[in-house]
1. Looking at the range A:124-131, is at least one residue touching a residue at least 40 places away in the same chain (Cβ under 8 Å) and in a strand (DSSP E or B)?
2. Quick one: count up the residues across the range B:63-117 that are over 19 Å from A:Gly40 (Cα atoms), within 11 Å of chain A (Cβ to nearest Cβ) and part of a helix (DSSP H, G or I).
3. Counting only residues that are crowded, with 18+ Cβ neighbours inside 10 Å and either small (Gly, Ala, Ser) or closer than 30 Å to B:Phe102 by Cβ (or both), how many does the range A:120-151 have?
4. Out of A:Val117, A:Val97, I need the residue that is among the β-branched types (Val, Ile, Thr) and surrounded by fewer than 21 Cβ atoms within 10 Å (Cβ to Cβ). Which one?
5. Of all residues being surrounded by 24 or more Cβ atoms within 10 Å (Cβ to Cβ) and among the acidic types (Asp, Glu) in the range A:175-218, which is nearest to the other protein chains (Cβ to nearest Cβ)? Just the residue, please.
6. Please identify the pairs in which a residue from the range B:96-114 that is at positive phi has its Cβ atom under 8 Å from the Cβ atom of a residue that is aliphatic (A, V, I, L, M), counting only partners at least 6 apart or on another chain.
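What follows draws every value from the coordinates through simple rules; no lab data is involved. Only a predicted model underlies this, so the values are computations on that prediction, with no experimental measurement involved. Cβ coordinates were reconstructed from backbone atoms using ideal geometry, including for glycine residues, and neighbour counts include every protein chain displayed.
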Amino acid sequence: MRPGLLIPTLVAGAMIAAPALADSDAPGTLARGLQMFDEGKLLATGGVSEVEGTGGGGIANWALISGYGTRDGLGVNAHYTYVGLPDYQLNTIGAAVGLFDRLELSYAWQAFDTEQVGAALGLGEGYTFHQNIFGAKLKLIGDAVYDQDSWLPQIAIGLQHKENDRGAVIAFVGGQASVGTDYYLSATKLFLAQSLLVDVTLRETKANQLGILGFGGDKHGDYSSQFEGSVAYLFAKDFAVGGEFRTKPSNLSIAKEQDAWDVFAAYFFNKNLSLTAAYADLGNIVIRNHQSGVYVSLQAGL
Amino acid sequence: MKTILCIAAFGTVLLAGPALAQDDTLFADMGGQPGIDRIVEASVDNYLADPRIKAIFDESNMERLRAEFKVQFCQVAGGPCAYKGHDMTAAHKGLHLTNADFNAVVEDLQAAMDKCGVAFATQNRFLARLAPMQHQVVSR
């Protein structure tokens with residue numbers, strides 16, 4: 001699917017749907033002029049766009065619903081993420097819609113450029129893997145922001161369905177499939193008195209390098225439980241600094257896969273624009289060790 | 001195994017947070033009663049100037065409300081006051097307030113605390129005590 005068409009379609013779809021949904025709201029609030037894109041959440045409480053397009057941090061999904069819509073409204077945003085590594089480059093664009101601070105639907109298109117490694121492997125210089133990622137997340141219980149009198153975090157379940165366009169190469173390196181679905185359970189809590197946000201996510205996945213090298217492998221073919229987590233300190237309403245850690249399976253015998261981590265800073269210009277910059281270490285990727293570099297992500301929305 | 005260890009480590013942080021929340025210096029850190037009085041005056045000024053929420057106060061006696069906020073904020077901050085006004089559910093009954101309304105009040109209060117020179121970390125300690133009031137204030 002062409003991402004250039006899909007994102008405007010998603011955004012336009014949400015905007016068309018919005019007025020129709022507004023009719024069902026109670027008169028008390030409508031009298032004061034309820035807006036469908038109410039931008040009613042507090043700054044930064046929609047998170048940013050995780051590298052696979054889900055609302056979260058940089059490499060970890062969070063239980064927060066993306067965007068600034070409250071439970072009476074919608075939020076919508078688009079993002080662009082660049083990851084520059086010594087031997088590879090990843091570009092991602094995507095969009096997410098948050099419905100009533102309950103359900104999040106997201107789409108991301110990833111292009112993983114193998115640069116010189118592609119030539120070394122006989123695929124051709126600049127050989128690029130592409131991946132469509134369709135995401136859905138449902139908030140189950142808890143509110144990360146309001147429930148400051150409770151130990152209960154905000155908890156959500158979700159999935160990311162991924163479709164890779166390089167099935168032949170994936171099969172050649174030992175991957176079992178070019179399509180796969182990750183399932184996750186996220187718990188996120190804002191410790192407001194400590195200005196600290198903590199997320200813990202458990203992911204069931206078969207993905208090799210996030211799915212860029214397909215799903216399942218000759219060494220291990222089944223789902224495995226993986227961890228991802230974030231800790232962020234809020235220095236100001238509009239500025240957070242933190243770190244993340246994510247484990248990954250190592251399913252392919254030809255390409256050892258390692259855990260990933262990052263340290264990040266996120267600046268929220270306002271509810272319409274945020275910029276996240278990180279130093280990310282993704283470990284070994286195929287025939288190249290120490291793939292660490294810069295991560296930059298821009299999110300614009302309502 | 002590593003996954004379990006990671007969940008244990010992050011999970012400990014996730015669950016230990018509230019236990020760390022003991023805090024007796026907040027009232028002083030907000031400037032005592034004079035500081036709280038200034039915060040209340042500035043925040044109420046912000047509410048009445050905010051097109052998102054000013055209509056909520058159309059039927060309110062603002063002089064009385066300012067006085068009640070000063071006592072309530074003092075008590076919430078751990079100061080030597082006893083708030084004797086309406087409980088939060090009764091005070092907001094019939095207003096049909098939304099999360100967007102509640103958050104607009106929070107944003108105006110943050111702006112007021114900025115104006116009064118309250119450090120961001122101190123603001124958050126105070127807001128953490130107000131945040132659960134969402135359960136009583138927001139009725140839809």
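1. Looking for residues that are touching a residue at least 40 places away in the same chain (Cβ under 8 Å) and in a strand (DSSP E or B), one finds at least one in the range A:124-131, hence yes.
2. 2
3. Count: 10.
4. From the options A:Val117, A:Val97, the qualifying one is A:Val117.
5. A:Asp199
6. Once the first residue is at positive phi and sits in the range B:96-114, its partners that are aliphatic (A, V, I, L, M) give B:His96/A:Ala26.
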